[in-house]
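The values are calculated or read from the model by the stated rules, or taken from the named source; none is laboratory data. Keep in mind that this is a model prediction, so the values were computed, not measured. Cβ atoms come from the backbone with ideal geometry, glycine included; neighbour counts cover every protein chain shown. Please note that ligands, DNA and RNA were not included when accessible areas were found on the heavy atoms of the full protein model with its side chains. Shrake-Rupley method; radii C 1.70, N 1.55, O 1.52, S 1.80 Å.
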Amino acid sequence: MLCGGLGAAQPATADTQRIAEEVKSQVEEKEGKNFDVFAAVEFKTQVVAGMNYFIKVHVGNDEFLHLRVFRSLPHENVPLSLSSYQKSKTKHDELTYF
């Protein structure tokens, strides 16, 4: 993986789901609604001064969100943060930088 470039898409793992769950309340606050379903499907990573996670999340029916979550370097001891998200995505939409 190139520093700064996006890695290849990978199936979501337990760690990816945990990351998505950790920022779920931030997404719900921005959207003004609660999600009964919030299941990570796949993800890509980007090495920066920490790590960006681009996560495709199923939120029910045929609806998906793309999340960009930042994890700082371990010594900084900063919680995960939702950097950005995209809504109105489908199962087949590719995760790209946003």
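Structural remarks
- Against the chain, whose longest principal axis is taken from its Cα atoms, helix 14-31 shows a tilt of about 60°.
- Unit charges on C-beta of K, R, D, E only; dipole of the chain, Debye: 180 debye
- Only one item in [x] 5.7; [y] 6.1; [z] 6.7 matches mean projected area of the Cα convex hull in nm² derived from the coordinates shown, and that item is [y].
- Across the stretch 86-98, computed HN-Hα scalar couplings (Karplus, 6.51 cos²θ - 1.76 cosθ + 1.60, θ = phi - 60°) run 10, 10, 6, 9, 10, 4, 9, 5, 6, 6, 10, 5, 8 Hz from first to last residue, x flagging Gly and Pro.
- Heavy-atom surface of the chain, accessible at 1.4 Å and reported per residue (Å²): 58 Å²
- Percent carbon-and-sulfur accessible area, the chain, ignoring ligands, DNA and RNA, probe 1.4 Å: 50 percent
- Accessible-area ranking of Asp36, Asp93, largest first, probe 1.4 Å: Asp36, Asp93
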